[in-house]
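Trainee: First the structure, then my questions, so here it is.
The values are calculated or read from the model by the stated rules, or taken from the named source; none is laboratory data. Remember, it's a predicted structure, so these values are computed and weren't measured experimentally. Note: ideal-geometry Cβ built from the backbone for every residue, glycine included; neighbour counts use all protein chains shown.
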Amino acid sequence: MALASSKSVIRQGYICREIERTVRVRIKDDKAYLTIKGMTVGDTRAEYEYSIPVTDAGMLLDTLCIRPIVEKTRYIVEYKNNKWEIDVFEGHLKGLTLAEIELPASNYNYDIPPFIGRNVTNDSRYYNANLALNGIPSD
């Protein structure tokens with residue numbers, strides 16, 4: 001992706017995938033994380049992330065995570081002083097590309113880059129945990 005300032009290869013899976021909470025294991029390049037997320041309220045939710053050994057993450061992905069595992073390449077694109085994360089999916093989600101911006105507050109104003117398509121912020125079908133289980137939505 002020509003506009004990207006960096007890219008990372010990500011492999012992630014879910015130990016728990018419920019409306020009220022998700023527990024995710026992720027290997028991102030040569031680092032690994034355990035992430036616990038609360039229920040989404042509007043465009044926000046509680047999130048706690050912890051570094052874990054890559055070997056532990058690999059074992060969790062191989063043995064405890066719900067199938068299928070999510071595989072994607074994340075590109076970082078700077079646009080008008082904001083950092084966009086562009087995820088290009090592989091495996092069973094191949095063909096899907098999603099963009100995300102982390103906002104400092106819900107009422108934060110930002111410009112949408114010309115390469116962004118439809119806004120799916122409040123469409124839970126596009127949450128990674130739901131994509132992992134249900135595949136690409138058929139809109």
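Trainee: Could you tell me which numbered condition Phe89 fails, if it satisfies all but one of (1) touching a helix residue (DSSP H, G or I) at 6+ places or on another chain (Cβ under 8 Å); (2) more than 25 Å from Ile27 (Cβ to Cβ)?
Mentor: (2)
Trainee: Could you please give the count of residues in region 82-136 that are within 15 Å of Glu71 (Cβ to Cβ) and small (Gly, Ala, Ser)?
Mentor: Residues that pass the stated criteria total 5.
Trainee: Something else about it: Search region 92-115 for residues being assigned to a loop (DSSP other than H, G, I, E, B) and surrounded by 15 or more Cβ atoms within 10 Å (Cβ to Cβ), and hand back the single one that is nearest to the chain's Cα centre (by Cα).
Mentor: Leu96
Trainee: If I ask for residues that are in contact with a Phe, Trp or Tyr (Cβ under 9 Å, 6 or more places away or on another chain) and either more than 21 Å from Ile76 (Cα to Cα) or among the small types (Gly, Ala, Ser) (or both), which ones from region 26-37 would you list?
Mentor: Leu34, Ile36, Lys37, listed by residue number.
Trainee: Could you look through region 118-137, keep only residues that are of a type in the set (Gly, Ala, Ser) and modelled with pLDDT of 90 or more, and pick out the one that is farthest from Arg21 (Cα to Cα)?
Mentor: Keep residues of region 118-137 that are of a type in the set (Gly, Ala, Ser), which gives 124, 129, 132, 135.
Going one step further and asking which of them are modelled with pLDDT of 90 or more, we end up with 132, 135.
Values: Ala132: 15, Gly135: 20 Å.
Among residues in region 118-137 that are of a type in the set (Gly, Ala, Ser) and modelled with pLDDT of 90 or more, the one farthest from Arg21 (Cα to Cα) is Gly135.
Trainee: Sort out which residues of region 73-101 are over 16 Å from Arg118 (Cβ atoms), modelled with pLDDT of 95 or more and of a type in the set (S, T, N, Q), and write them in order of number.
Mentor: Scanning region 73-101 gives a single hit, Thr73.
Residues checked against (1) without any contact (Cβ under 8 Å) to a residue 60 or more places away in the chain; (2) within 15 Å of the chain's Cα centre (by Cα):
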{"position": "Ala2", "(1), (2)": "yes, no"}
{"position": "Ser6", "(1), (2)": "no, no"}
{"position": "Ile10", "(1), (2)": "no, yes"}
{"position": "Gly42", "(1), (2)": "no, no"}
{"position": "Glu49", "(1), (2)": "yes, yes"}
{"position": "Val54", "(1), (2)": "yes, no"}
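Trainee: Give region 50-67 a look and list any residue that's farther than 15 Å from Asp30 by Cβ and assigned to a strand (DSSP E or B), or say none.
Mentor: Of everything in region 50-67, those that are farther than 15 Å from Asp30 by Cβ and assigned to a strand (DSSP E or B) turn out to be Tyr50, Ile66, Arg67.
Trainee: Out of region 118-139, which residues are closer than 14 Å to Gly95 by Cα and aromatic (Phe, Trp, Tyr)?
Mentor: Once the filter is applied, which keeps residues that are closer than 14 Å to Gly95 by Cα and aromatic (Phe, Trp, Tyr), region 118-139 yields only Tyr126.
Trainee: Given the conditions (1) under 24 Å from Thr121 (Cα atoms); (2) touching a residue at least 12 places away in the same chain (Cβ under 8 Å); (3) surrounded by fewer than 15 Cβ atoms within 10 Å (Cβ to Cβ), which single one is not true for Leu34?
Mentor: (3)
Trainee: In addition: Of everything in region 1-22, what is outside any strand (DSSP E or B) and either over 13 Å from Ile66 (Cα atoms) or in contact with a helix residue (DSSP H, G or I) (Cβ under 7 Å, 6 or more places away or on another chain) (or both)? Give them in sequence order.
Mentor: Met1, Ala2, Leu3, Ala4, Ser5, Ile19, Glu20
Trainee: While we're on this one: Hey, Val25 hits all of (1) surrounded by 15 or more Cβ atoms within 10 Å (Cβ to Cβ); (2) in a strand (DSSP E or B); (3) without any contact (Cβ under 8 Å) to a residue 40 or more places away in the chain but one; which does it fall short on?
Mentor: (3)
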